[in-house]
Amino acid sequence: MIAKAPTPMHRSDRRQSLIARLARDRRGIAAIEFGFIASFLAFAGLNVADLAIYERDRLQVENAATMGAQAAFAACPLDAVPATNNCPTMNTAVTTSVHSTGLGNAVSLAAGYPSEGMYCVNSAGVLVYISDVYNRPNDCNSVGTPSNVPSDYILVRVNYTYTPLFGFSPTNILGTTITRTSWVRMG
């Protein structure tokens, strides 16, 4: 028998052979899988951290509004109602209290606040604005509860702009401006 000379491999045959060998080779698969999983876990961890920071800041803003309302009540005696006119220290006390949280001066008092007005509780138990403090009605008949007497309330509204940790954050859906309002009954 005469031996045949081996036929030279064509380039396409070599490529298919290389692809077949690589398809069978399983070395490094675990490292690739680990890379994908670690990337996903890091992304999820950053999102959880961003949400936690957002929630902490939201609570600080809520606390700032509450402290501002309490400062208005503490700074103004009940005989000084309406406080927005008869209590000259109220605005300073409210502003100082609003800035006393962990967020400091990043929390700001909203324009037009603190505000004051006459409110009544309607038949559904909701506090409803009735009039300004200078036109106080005798009862709450306009909201369906004539036996109730209108009360003077001070509202404190504060704003804070949250900056997410990175661009693909779920906090972008929640909004970057956090606004909270707190009320205090003056009389």
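The values are calculated or read from the model by the stated rules, or taken from the named source; none is laboratory data. Worth saying up front: this structure is predicted, and the values here are computed from it rather than measured. All Cβ positions, even for glycine, are placed from backbone atoms using ideal geometry, and neighbour counts span all protein chains on display. The area values use the complete protein model at the heavy-atom level, side chains included, leaving out ligands, DNA and RNA. Shrake-Rupley method; radii C 1.70, N 1.55, O 1.52, S 1.80 Å.
Numerical summary
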| item | result |
| --- | --- |
| Selection count where residues are in a loop (DSSP other than H, G, I, E, B) and closer than 17 Å to Ile178 by Cα, scope the range 85-99 | 1 |
| The range 68-82, subset free of Cβ contacts under 8 Å to residues at least 60 places away in the same chain and open to solvent by less than 50 Å² (accessible area, probe 1.4 Å), residue farthest from His99 (Cα to Cα) | Ala80 |
| Single unsatisfied condition, Thr181 versus (1) under 29 Å from Ala74 (Cβ atoms); (2) of a type outside the set (Lys, Arg); (3) assigned to a loop (DSSP other than H, G, I, E, B) | (3) |
| Qualifying residue in the range 171-182 (condition: open to solvent by less than 60 Å² (accessible area, probe 1.4 Å) and either without any contact (Cβ under 8 Å) to a residue 40 or more places away in the chain or over 26 Å from the mean Cα position of the chain (by Cα) (or both)) | yes |
| Single condition Ala23 does not satisfy, out of (1) assigned to a helix (DSSP H, G or I); (2) surrounded by 10 or more Cβ atoms within 10 Å (Cβ to Cβ) | (2) |
| Condition check for Tyr113: open to solvent by 60 Å² or more (accessible area, probe 1.4 Å) and touching a residue at least 40 places away in the same chain (Cβ under 8 Å) | no |
| Per-region count, the range 122-151, residues in contact with a helix residue (DSSP H, G or I) (Cβ under 8 Å, 6 or more places away or on another chain) and either open to solvent by less than 60 Å² (accessible area, probe 1.4 Å) or touching a residue at least 40 places away in the same chain (Cβ under 8 Å) (or both) | 4 |
